[in-house]
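Working notes, beginning with the structure itself.
The values are calculated or read from the model by the stated rules, or taken from the named source; none is laboratory data. All of these numbers come straight from a predicted model, not from anything done at the bench. Glycine also receives a Cβ, built like all others from the backbone with ideal geometry; neighbour counts cover every protein chain displayed. The protein model used for the area step is the full one, side chains on, heavy atoms only, and it has no ligands, DNA or RNA in it. Shrake-Rupley method; radii C 1.70, N 1.55, O 1.52, S 1.80 Å.
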Amino acid sequence: MRKNIVAGNWKMNNDLSETEDLLAQLKQHLEETPDAKVIVAPSFTNLYHVFQSLADTPIEVAAQNMHQSENGAFTGEVSGKMLSSVGVKHVILGHSERRAIFNETDALLAEKVDAALKNDLQVIFCCGEELEERKNDNHFEVVKKQLSEGLFHISKENWKDVVIAYEPVWAIGTGETASPEQAQEMHAFIRKTISEKFGSEIAAEISILYGGSVKPANAKEIFAKEDVDGGLIGGASLKAEDFLAIVHSF
Ligand code: PEP
């Protein structure tokens, strides 16, 4: 069901004691029933600890990545089955850093999506164009291709376990945010693209998050747009005060 969601992607930040500090602040200041579902994505090493620490709160836990296989000789990798077994509910797939730095292709992401769904993980599927692609007016095509090749093979029944995060690469960690109008335009396009392939009911129900330099100062304006259902937050999710201000801007 379409929900407001604010998810914090902690990336490769926070060791155990820093994680504990951040959790303590989040728990102390989060409203009992926030108007948005709140998700945090710590590093693999801290997932179980975070899950246990948040057990008596409405905050849910996501992983930042996973391998597409169930188990086997894949040194250094973590499977969906392992994530589920430690209380993880969601997994971020297709983040632009995974695509660009670790060469994750749409075809590989399609496999990861299947493995996540098979292990009862909800997928937060990231898509978004590079600056050059936007300048060349290719951004709609790029996002459509990412969705078509990485996600659109799933069945209608699986859409209840999918959230989309539109993250223009030029806005991630740069301090430059897409304008609320740019975000709305792309989110409406994504919803229309889903509607054309899977029907208007599924399209109306899917949560589409915006990501890219969201801060307390701009969250309200972006989240107010009709097709923006929340945010995937990087830098600002590392400071409890900022993250909670974003959560509370609905
Ligand atoms: C992200 O990495 O998903 C992200 C949106 O980062 P930031 O908020 O720092 O731009």
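Below is a table of values for the structure above.
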{"quantity": "Among the candidates ILE101, ILE172, residue that is at pLDDT below 95 and under 29 Å from SER84 (Cβ atoms)", "calculated": "ILE172"}
{"quantity": "Filter pass, VAL142 being open to solvent by 20 Å² or more (accessible area, probe 1.4 Å) and touching a Cys at 6+ places or on another chain (Cβ under 9 Å)", "calculated": "yes"}
{"quantity": "Looking only at region 96-123, and only at residues there that are of a type in the set (Val, Ile, Thr) and more than 16 Å from the ligand (Cβ to nearest atom), the one that is farthest from TRP170 (Cα to Cα)", "calculated": "VAL113"}
{"quantity": "Test: residue in region 216-228 that is of a type in the set (Phe, Trp, Tyr) and open to solvent by 50 Å² or more (accessible area, probe 1.4 Å)", "calculated": "no"}
{"quantity": "Of all residues making up region 184-222, the number that are modelled with pLDDT of 95 or more and under 19 Å from GLY235 (Cα atoms)", "calculated": "13"}
{"quantity": "Strands (runs of 3 or more DSSP E) enclosed by region 131-250 - at least 1 residues per element that are farther than 24 Å from ASN14 by Cα and within 16 Å of the ligand (Cβ to nearest atom)", "calculated": "162-166, 208-211"}
{"quantity": "Residue ID - farthest from the ligand (Cβ to nearest atom), chosen from residues in region 70-95 that are under 16 Å from the mean Cα position of the chain (by Cα) and of a type in the set (Val, Ile, Thr)", "calculated": "VAL88"}
